[in-house]
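See below for the structure under consideration.
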Amino acid sequence: MSDVTQYHQIKHELITNNVVLVAVSKTKPVSAIQQLYDVGQRDFGENKVQEMQEKAAQLPTDIRWHLIGHLQSNKVKYIAPYVYMVHSIDSLKLLQEVDKRATQHNRTIDCLLQVHIAEEETKFGLDRTELRDLLESAVYQSMAHVCIRGLMGMATFTDDKEQVDREFRGLNSLFQQIKTDYFADDNRFDTLSMGMSGDYRIAVAAGSTMVRIGSLLFGSR
Ligand SMILES: *Cc1c(COP(=O)(O)O)cnc(C)c1O
């Protein structure tokens, strides 16, 4: 079951701020996704390739599927025919693979570069140096079938709101800087994916343009 009342409230809040809502449906059944689809939601996020595959096959084809979890290069081929946006690009190799598979399907896949902003240790996401290295390399390759739309980040999992605020504002200023340095004449670089159930209001106040919300809409996992 999904919380349709909560959905409408969050949606209203986000529309006022021009923020896109990705409903994170991981571990939840297709019936729960269908419920939100029926009231107008079209962007859904999953963190596992196989789960997304199974759900996409059973649901309307105008859903925009967002892959938000870690993606292995050897699995890109499965989602390339239909995935709308990959939020978790963390290497040049992965970006090249997405480009290659998108080319085979004669489509362009929107991508976000995942940046590591949290203080806590994690193996996922690029640090600032790796981000710039990737962008410099990408500039010299003609990858016609991926479109780098922006950045994605996750704040530290903590009750310290000031720390979360600091991390989101830090990511927004990095986003602005990258836009100036690499995408000055490309207005498609417009997406800053940050904010989840517990911190989306802080993220929106810090300049998020896309939030990924799961448990508030679908209940805890
Ligand atoms: C699960 C997940 C979310 C949503 O988390 P909630 O706390 O349930 O809103 C957002 N982003 C990523 C990358 C996730 O894996």
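Solvent-free Debye calculation, one equal scatterer per alpha-carbon of the stretch 19-123: log10 I(q)/I(0) at 0.17, 0.20 Å⁻¹ equals -0.79, -1.04.
Give a quick list of trypsin sites (Lys or Arg not before Pro) in the stretch 151-190 that DSSP marks as loop, anything other than H, G, I, E or B, with at most 15 other Cβ atoms within 10 Å.
On the way: sites: 161, 166, 169, 179, 188; in loops: 188.
Hits after loop and neighbour filter: 188.
Across all Cα pairs in the chain, the calculated P(r) in 10 Å bins from zero up to the longest distance comes to 8, 35, 38, 18, 1 percent per bin. Qualifying trypsin sites (Lys or Arg not before Pro) in the stretch 1-85, where qualification requires a DSSP coil assignment and no more than 10 other C-beta atoms within 10 Å, are lacking entirely. Within the stretch 152-221, list the chymotrypsin sites (Phe, Trp or Tyr not before Pro) lying in a DSSP loop whose Cβ has at most 15 other Cβ atoms in a 10 Å radius. Qualifying residues, ordered by number: 157.
Taking a straight line from the alpha carbon of residue 93, these aspartates and glutamates sit under 20 Å away, with near neighbours fewer than eight places off in the same chain left out: 110, 127, 130, 133, 136.
Only helices at least 30 Å long along their own axis, judged from Cα atoms, and with Kyte-Doolittle mean hydropathy of 1.0 or greater: name those in the chain from DSSP H. Walk me through the numbers on the way to the answer.
Numbers: long enough: 161-182 (31 Å, -1.19).
Correct list, ordered by number: empty.
Approximating the spin labels as points 7 Å out from Cα along Cα→Cβ, the residue 177-to-residue 34 distance works out to 4.8 nm.
Sort the following peptides by mean Cβ neighbour count (other Cβ atoms within 10 Å, averaged over residues), highest first: 201-209, 83-91.
Numbers: 201-209: 20.4, 83-91: 22.4.
Peptide ranking by packing, descending: 83-91, 201-209.
Projecting label points 7 angstrom from Cα along Cα→Cβ for residue 107 and residue 197 puts them 2.9 nm apart. Between residue 220 and residue 51, the contour length at 0.36 nm per residue exceeds the Cα-Cα span by 59.1 nm.
First measure r as the distance between the Cβ atoms of residue 15 and residue 190, then evaluate 1/(1 + (r/R0)^6) with R0 = 22 Å and state the FRET efficiency to the nearest 0.05. All intermediate terms of the calculation are to be shown ahead of the outcome.
Values: r = 17 Å, r/R0 = 0.77.
Computed FRET efficiency for residue 15 and residue 190: 0.85.
What does the helix-only formula give at 222 nm for the chain: each DSSP H stretch with n ≥ 4 adding -39500 (n - 2.57), the total divided by the residues, and the result rounded to the nearest 500 deg cm²/dmol?
Working: 9 runs with 93 residues, N = 221.
Here the helix-only value at 222 nm equals -12500 deg cm²/dmol.
We did not get these values from a lab; they are worked out from the coordinates using the rules stated. Computed from a predicted model, the values in this text were never measured in an experiment. We place every Cβ from the backbone using ideal geometry, glycine too, and count neighbours over all the protein chains shown.
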